[in-house]
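Undergrad: Sharing a structure, written as structure tokens. Questions coming.
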Amino acid sequence: MENSPITENDTKPEFQHYTVMLNEAVDALIPDGAVSDKIFVDATLGGGGHSALIASRLSDGGKLISFDVDTDAINAAKKKLEPYKNVTIVQDSYVNIKENLERLGIEKITGGIIFDLGASYHQLTKAERGFSFMKDAPLDMRFNQEQEFRAWDIVNKYSADDLVKIFSEYGEERFSKRIAKAIVENRPLNTTLQLSELIVKSTPKIKSKIHPATRVFQALRIEVNKELLNFENTLNEVLTLLDAGAIISVISFHSLEDRLAKNILKRFSLECRCDRNKAKCDCGGKLIEIITKKPILASDEELKANPPSRSAKLRIARKV
């Protein structure tokens, strides 16, 4: 979901979003030229690009349920999806997919589900959302604006050890200890630029293509929104909701997400997931077949249109 081209005209307030690997992800669910009467889920609605293409390939009997917690995203997607009458937008986190499907009377996802992980271009660049280290704003970083927990709470309340842990695990930041120590010694920190400038001052100058604050801001965003934990729990649960033959498409944007998706899908593709010490298998056996042995990457054409797509990876599997 994240990573979109930034131009000189990108100061407009409306929701902007480039749909990464649009055709590759949707073609896996419903091949181009086909029409489906099955039930599909877009776990991460965003700007509505994937949902709109899925909806355009549904018959009158098909259904699409799309989830997002971001009001800005939902308002923008509603306009894009207005022509399609068989789409239901749910303003809720994908962690609650099962409960919402039950409420809608849906027992199984018969067609497939798509996850487009990360933050949208709109979220990352809208100054007041606090995702960017290049624009001064309160330390926020919430996908769900109704959530109380913000980046400010992490920066100003977490212990140095806890800061080191999330910077190392979620940001893979090599200078986690230095940064955590500087944060604790300079509290309170209230804005993105205060934090960004502190990170620059507290780390050595090295040649790098990325800003020194990039990894810390990624780690904070992941922690605020519990991105990896939510995705792991949901992916494990959603595999039990898929009907036989249903497809799962996962687009990730950094190594942590991709590794998580790869490992979970690999585990459920095993003939047996039981502990080796068990005398008899009771895990139910193989649940999915992995379609992409290696992740699909953005095409050269897409990279020209949207260079940040280079970090995207698409993994596809089928329920057996």
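The values are calculated or read from the model by the stated rules, or taken from the named source; none is laboratory data. Treat the numbers as computed from the prediction; the structure is a model and nothing was measured. Backbone-built Cβ (ideal geometry, glycine too); neighbour counts: all protein chains shown. Just so you know, the surface numbers come from the protein's heavy atoms only, side chains and all, with ligands and any DNA or RNA stripped out. Shrake-Rupley method; radii C 1.70, N 1.55, O 1.52, S 1.80 Å.
Undergrad: In whole percent, and with a 1.4 Å probe on the protein chains, what portion of the accessible area of the chain is carbon and sulfur?
TA: Roughly 49 percent, rounded to a whole number.
Undergrad: Continuing with the same structure: Just how many % of Cα pairs in region 201-320 lie over 26 Å apart, if you round to the nearest whole percent?
TA: Details: 2696 of 7140 pairs.
Here the tail beyond 26 Å accounts for 38 percent of pairs.
Undergrad: Shifting gears a bit: Want the number for GLU99 to LYS294: 0.36 nm per residue separation, take away the alpha-carbon distance, what's left?
TA: Values: separation 195, 0.36 × 195 = 70.20 nm, distance 3.25 nm.
Taking 0.36 nm per residue and subtracting the Cα distance, the gain is 66.9 nm.
Undergrad: What number, in percent, do you get for the relative contact order of region 27-120 if the mean sequence gap of Cα pairs under 8 Å and at least 6 apart is divided by its residue count?
TA: Values: 156 pairs, mean separation 34.1, N = 94.
Relative contact order, region 27-120: 36 percent.
Undergrad: Starting from region 145-178, pick out the chymotrypsin sites (Phe, Trp or Tyr not before Pro) whose DSSP state is loop and whose Cβ has at most 15 other Cβ atoms within 10 Å.
TA: Answer in residue order: PHE149.
Undergrad: Quick check for region 250-320: number of Lys pairs with alpha-carbon distance under 16 Å, counting only pairs 8 or more apart or on different chains?
TA: Value for region 250-320: 14.
Undergrad: Sorted from largest down, what three extents in whole angstroms do the Cα atoms of region 97-249 have along their principal axes?
TA: 54, 30, 28
Undergrad: For region 92-222, calculate the relative contact order in percent as a whole number, restricting contacts to Cα pairs under 8 Å that are 6 or more residues apart. Walk me through the numbers before you get to the answer.
TA: Numbers: 144 pairs, mean separation 31.6, N = 131.
Over region 92-222, the number comes to 24 percent.
Undergrad: Let me ask something additional. Measure nothing fancy, just the Cα-based angle from helix 160-171's long axis to the longest principal axis of the chain, in degrees from 0 to 90, nearest 10.
TA: Tilt relative to the chain: about 50 degrees.
Undergrad: Using Cα pairs closer than 8 Å and at least 6 residues apart in sequence, work out the relative contact order for the chain, in percent. Please list the in-between numbers first.
TA: On the way: 575 pairs, mean separation 61.0, N = 320.
Relative contact order for the chain comes out at 19 percent.
Undergrad: Ok, one more. Measuring from a point 7 Å past the Cα of ARG267 along Cα-to-C-beta, which residues in region 244-259 have an amide N at less than 14 Å?
TA: 259
Undergrad: SER59 label point, 7 Å along Cα→Cβ, cut-off 20 Å on backbone N: hits in region 22-42?
TA: Within reach of a label on SER59, which here means backbone N under 20 Å from a point 7 Å along Cα→Cβ, region 22-42 contributes 27-41.
Undergrad: Name the residue from VAL250, ASN144, ASN186 whose Cα lies farthest towards the positive end of the charge dipole of region 130-256, charges +1 on Cβ of Lys and Arg and -1 on Cβ of Asp and Glu.
TA: The residue sitting most towards the positive pole is ASN186.
Undergrad: Right, something else. With a 1.4 Å probe and all protein chains left in place, how much accessible area per residue does the chain have, in Å²?
TA: Numbers: 15960 Å² over 320 residues.
Using a 1.4 Å probe on heavy atoms only, each residue of the chain averages 50 Å².
Undergrad: Turning to a different aspect of this structure: Using a simple charge model, +1 on the beta-carbon of Lys and Arg, -1 on the beta-carbon of Asp and Glu, nothing else, what dipole does region 16-88 show about its Cα centre, in debye to the nearest 20? Walk me through the intermediate numbers first.
TA: Details: 7 positive and 10 negative charges, 44 e Å.
Charge dipole of region 16-88: 220 debye, to the nearest 20.
Undergrad: Could you give the size of the charge dipole of the chain about its Cα centre, using +1 on the Cβ of each K and R and -1 on the Cβ of each D and E, expressed in debye and rounded to the nearest 20? Numbers along the way, then the final one.
TA: Working: 47 positive and 46 negative charges, 229 e Å.
Roughly 1100 debye for the chain.
Undergrad: Still on this structure, please answer the following. If packing is taken as the average count of other Cβ atoms within 10 Å, what order do 275-284, 307-316, 288-297 fall into, highest mean first? Kindly include the intermediate steps, with their values, before the conclusion.
TA: Working: 275-284: 8.4, 307-316: 19.9, 288-297: 14.4.
So the order, starting with the most tightly packed, is 307-316, 288-297, 275-284.
Undergrad: Taking the simple approach of a point 7 Å from Cα along Cα-to-Cβ for both ASN186 and MET134, what is their distance in nm?
TA: Those two pseudo-labels are separated by 2.1 nm.
Undergrad: Hey, what number do you get for the chain at 222 nm if only DSSP H runs of n ≥ 4 count, each worth -39500 (n - 2.57), divided across all residues, to the nearest 500? All intermediate terms of the calculation are to be shown ahead of the outcome.
TA: Values: 13 runs with 123 residues, N = 320.
That comes out to -11000 deg cm²/dmol.
Undergrad: Which lysines, if any, have their Cα less than 22 Å from the Cα of LYS205, not counting same-chain residues under 8 positions apart?
TA: Within the straight-line cut-off, LYS205 pairs with LYS135, LYS177, LYS181.
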